[in-house]
Amino acid sequence: MSTTENMRFFFKGVEIDVTTKEYIEKRLSTLDKFVDNIMKSEVEIDLDKKGKFRVEVMLHTPRNMFRADNTTESIEASIDMVVDELQAQVTHLKDKLRTLKKRGAISLKKKVVLDESARF
C-alpha cells in the first residue's frame, strides 16, 4: 500500500493549491522505499502568527508510528525537512532491529556446543 492512498490533510489558517498538494504527495511517496506497509499518513499544515508554516507528518504502520514536524518560511522547505527526518527515524529503527538480530545470532552461536566427535 502506498503513502498517498490513505493520506489525510489538515489545514489551519492556510489554503494550499493543487501543485503544492501534489508536491507534498510526491515527496511523501519517496518514503515508500523505506517504510513497509504504511496504513495511513496525516499531514497537518498551519500558519503561525509570524507568517511561518508549520508542517507535521505522522505515518502509521502496523507496529510503529513515525512523527516529524518543522516550521519554516515555505511549505515546500518544511515538507523536505520533515521527509528527511522521517527517513532518518525509519533507517535508525531498521538498523537497530538489524543489530539486535545480529547480536542474538552471535550469542546463540556462543551458546551452541558441538559434539567433540562431530566431523566438521
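The values are calculated or read from the model by the stated rules, or taken from the named source; none is laboratory data. Treat the numbers as computed from the prediction; the structure is a model and nothing was measured. All Cβ positions, even for glycine, are placed from backbone atoms using ideal geometry, and neighbour counts span all protein chains on display.
Tabulated values for the structure
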| quantity | calculated |
| --- | --- |
| Residue match in the stretch 23-45 (condition: of a type outside the set (A, V, I, L, M, F, W, C), on the phi > 0 side of the Ramachandran plot and in contact (Cβ under 8 Å) with a residue 12 or more places away in the chain) | yes |
| Single condition Glu73 does not satisfy, out of (1) over 26 Å from Asn6 (Cα atoms); (2) at pLDDT below 90 | (2) |
| Residue in the stretch 60-80 that is among the hydrophobic types (A, V, I, L, M, F, W, C) and touching a Ser or Thr at 6+ places or on another chain (Cβ under 8 Å) present | yes |
| Qualifying residue in the stretch 87-110 (condition: in contact with a helix residue (DSSP H, G or I) (Cβ under 9 Å, 6 or more places away or on another chain) and surrounded by 11 or more Cβ atoms within 10 Å (Cβ to Cβ)) | yes |
| Selection count where residues are in a strand (DSSP E or B) and either farther than 21 Å from Val35 by Cβ or in contact with a His (Cβ under 8 Å, 6 or more places away or on another chain) (or both), scope the stretch 67-111 | 2 |
| Failed item in (1) in contact with a Gly (Cβ under 9 Å, 6 or more places away or on another chain); (2) surrounded by 13 or more Cβ atoms within 10 Å (Cβ to Cβ), with Glu73 passing the rest | (2) |
| Residue under evaluation Met7, criteria (1) within 21 Å of Thr91 (Cβ to Cβ); (2) in contact with an Asp or Glu (Cβ under 9 Å, 6 or more places away or on another chain); (3) aliphatic (A, V, I, L, M), criterion not met | (1) |
| Arg67, sole failed condition from (1) closer than 25 Å to Gly13 by Cα; (2) touching a residue at least 24 places away in the same chain (Cβ under 8 Å); (3) of a type outside the set (Ser, Thr, Tyr) | (2) |
| The stretch 53-70, subset among the basic types (Lys, Arg) and surrounded by 14 or more Cβ atoms within 10 Å (Cβ to Cβ), residue farthest from Glu85 (Cα to Cα) | Arg54 |
| Residue in the stretch 1-51 that is surrounded by the most Cβ atoms within 10 Å (Cβ to Cβ), counting only those that are among the hydrophobic types (A, V, I, L, M, F, W, C) and in a loop (DSSP other than H, G, I, E, B) | Ile38 |
